[in-house]
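Student: Pasting a structure here, questions to come.
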Amino acid sequence: MVTVLILSLLFYTANGQINTDDQPLNIMFYNVENLFDCEDDSLTRDEEFMPDGDKHWTSYRMYQKVKGISKVILASNEWNPPSIIGMCEIENAAVLKKLIYTAGLNHLDYRFVHFDGADRRGVDVAILYRTSQFKCLKSKSICVSDTTIKLWTRDVLYVNGVIPSGDTLHVMVCHWPSKRGGALQSEHKRVHVAKQISMQIDTILMEQPHANIVVMGDFNAELESESLQSLLKAERSVLNCLLDTDRLWGKIIAGSHKYQGHWSLIDHIFVSHGLVQSVKDLHFGIVELPFLLEDDLTYSGVKPKRTYVGPRYLGGVSDHLPVMLKITLKKEGSRNDSPYNP
């Protein structure tokens with residue numbers, strides 16, 4: 001049975017203050033929009049991201065993008081950068097190493113998990129984590145492509161580890177098929193991936209009925225879509241639903257992505273019912289850093305400042321905004337065998 005909690009809350013506590021006596025675990029997801037290196041990979045279609053390619057992608061531009069992503073990570077939660085970061089549109093391990101070791105993240109003990117997947121363009125998902133806040137025990141890449149329906153898409157990344165409370169946390173990061181060809185025409189592909197993820201969740205819950213599970217990613221789908229509903233409503237008798245979609249209406253930033261003047265929330269972080277029961281508090285929101293935005297001169301308001309519009313270089317970080325889940329762990333739930341206890 002899939003037991004997934006939908007969270008879309010603002011960043012605040014009951015009194016508007018963060019309690020520094022509690023143990024925070026902050027989880028962020030970010031579609032970083034084509035983080036490529038400048039080397040040609042003969043096995044993938046990365047030719048446009050070469051110095052002589054359509055994008056005229058250079059080492060300087062790559063480094064500017066890496067610095068921008070690092071700035072987002074460092075500024076996303078003031079004094080406490082994210083414990084775990086899911087990312088998508090990553091070309092390879094080389095760009096992740098540049099992000100950690102050349103852009104100011106190494107001193108925060110970040111490490112990463114990445115596998116080369118099946119995407120034809122060579123873009124994958126990845127996880128960054130702080131070793132002081134997450135002890136990675138197991139990881140694997142889950143292929144969700146299906147040649148019978150002509151679906152070649154990004155693999156799902158699964159990581160299993162221990163958080164400071166001593167509890168096990170299961171994390172899945174995904175990047176669902178795009179709406180290329182039309183949202184309705186491509187929806188069956190996202191439904192297929194949703195079913196594959198449901199099977200993985202079921203496997204976990206059979207062994208640990210109250211497992212702490214996080215599923216995050218760019219789903220290329222809003223909450224009311226058939227594909228997300230097939231994931232979230234499957235036998236959901238114990239599902240807690242805390243999403244208040246009305247909170248997005250009327251806001252300047254009303255989603256994580258903007259297309260032709262319309263904001264949509266397609267980047268999500270879902271958590272299991274077991275996780276809700278095992279933590280003290282959870283809050284979810286969109287990371288609205290001012291330097292990630294620019295004026296929308298065509299449709300009014302603001303929009304994410306992306307790296308490229310077609311072949312034209314803008315120098316922004318991404319066409320998506322990050323989303324963040326802030327968790328306050330229960331101190332009393334800590335176990336003596338936690339790897340973080342002295």
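The values are calculated or read from the model by the stated rules, or taken from the named source; none is laboratory data. Note that the structure is predicted; figures quoted are calculated from it, not measured. Quick reminder, even Gly has a Cβ in these numbers, built from the backbone with ideal geometry, and neighbours come from all protein chains shown.
Student: Examine region 160-178 for a residue that is assigned to a helix (DSSP H, G or I) and more than 19 Å from the chain's Cα centre (by Cα), and state whether such a residue exists.
Tutor: Initial filter on region 160-178 (assigned to a helix (DSSP H, G or I)): none.
Looking for residues that are assigned to a helix (DSSP H, G or I) and more than 19 Å from the chain's Cα centre (by Cα), one finds none in region 160-178, hence no.
Student: Give region 75-125 a look and list any residue that's part of a helix (DSSP H, G or I) and of a type in the set (Gly, Ala, Ser), or say none.
Tutor: Ala75, Ala93, Ala94
Student: So, in region 83-107, of the ones that are in contact with a Pro (Cβ under 9 Å, 6 or more places away or on another chain) and modelled with pLDDT of 95 or more, which residue ends up nearest to Met28 (Cα to Cα)?
Tutor: Kept after step one, since they are in contact with a Pro (Cβ under 9 Å, 6 or more places away or on another chain), are these residues of region 83-107: 83, 85, 105.
After this cut, where a residue has to be modelled with pLDDT of 95 or more as well, the list is 83, 85.
Values: Ser83: 8, Ile85: 5 Å.
Here the answer is Ile85.
Student: Now for a separate question. Does Ile213 meet the test of being assigned to a helix (DSSP H, G or I) and either at pLDDT 90 or above or farther than 29 Å from Gln133 by Cβ (or both)?
Tutor: Taking the combined requirement at face value, the residue does not satisfy it.
Student: Could I ask something else about it? With respect to Val302, determine if the residue is more than 19 Å from Asp218 (Cα to Cα), at pLDDT below 95 and surrounded by 15 or more Cβ atoms within 10 Å (Cβ to Cβ).
Tutor: no
Student: OK, next. Report yes if Met206 is over 24 Å from Lys305 (Cβ atoms), at pLDDT 85 or above and hydrophobic (A, V, I, L, M, F, W, C), otherwise no. Full working, then the answer.
Tutor: Working: over 24 Å from Lys305 (Cβ atoms): yes; at pLDDT 85 or above: yes; hydrophobic (A, V, I, L, M, F, W, C): yes.
The answer is yes for Met206.
Student: Another question, if that's okay. Restricting attention to region 35-43, does a residue exist that is over 29 Å from Ala221 (Cβ atoms) and either touching an Asp or Glu at 6+ places or on another chain (Cβ under 7 Å) or modelled with pLDDT of 95 or more (or both)?
Tutor: Yes: one or more hits.
Student: Have a look at Val144, Val72 and point out the one that is surrounded by 18 or more Cβ atoms within 10 Å (Cβ to Cβ), touching a helix residue (DSSP H, G or I) at 6+ places or on another chain (Cβ under 6 Å) and not in a strand (DSSP E or B).
Tutor: Working: Val72 fails: touching a helix residue (DSSP H, G or I) at 6+ places or on another chain (Cβ under 6 Å).
The match here is Val144.
Student: Quick check on region 63-74. Is at least one of its residues within 17 Å of the chain's Cα centre (by Cα) and under 20 Å from Ser139 (Cβ atoms)?
Tutor: no
Student: Sticking with this one: Filtering region 164-210 down to residues that are of a type in the set (S, T, N, Q) and free of Cβ contacts under 8 Å to residues at least 40 places away in the same chain, which residue is nearest to Phe134 (Cα to Cα)?
Tutor: First pass over region 164-210, keeping only residues of a type in the set (S, T, N, Q): 165, 168, 178, 185-186, 196, 198, 200, 203, 208.
Next, from what is left, pick out any that are free of Cβ contacts under 8 Å to residues at least 40 places away in the same chain: 185-186, 203.
Working: Gln185: 40, Ser186: 36, Thr203: 22 Å.
For region 164-210, the residue satisfying everything is Thr203.
Student: For region 310-324: of the residues being of a type in the set (A, V, I, L, M, F, W, C) and surrounded by 24 or more Cβ atoms within 10 Å (Cβ to Cβ), which is nearest to the chain's Cα centre (by Cα)?
Tutor: Of all residues in region 310-324, those of a type in the set (A, V, I, L, M, F, W, C) come to 314, 317, 321, 323-324.
Applying the additional criterion that residues be surrounded by 24 or more Cβ atoms within 10 Å (Cβ to Cβ) yields 317, 321, 323.
Details: Val317: 15, Leu321: 10, Val323: 7 Å.
Restricting to residues being of a type in the set (A, V, I, L, M, F, W, C) and surrounded by 24 or more Cβ atoms within 10 Å (Cβ to Cβ), the top hit is Val323.
Student: Taking the conditions exactly as written (touching a residue at least 60 places away in the same chain (Cβ under 8 Å) and in contact with a Gly (Cβ under 9 Å, 6 or more places away or on another chain)), does Gly122 satisfy them or not? Step through it out loud before you land on a result.
Tutor: On the way: touching a residue at least 60 places away in the same chain (Cβ under 8 Å): yes; in contact with a Gly (Cβ under 9 Å, 6 or more places away or on another chain): no.
So Gly122 does not fit the description; no.
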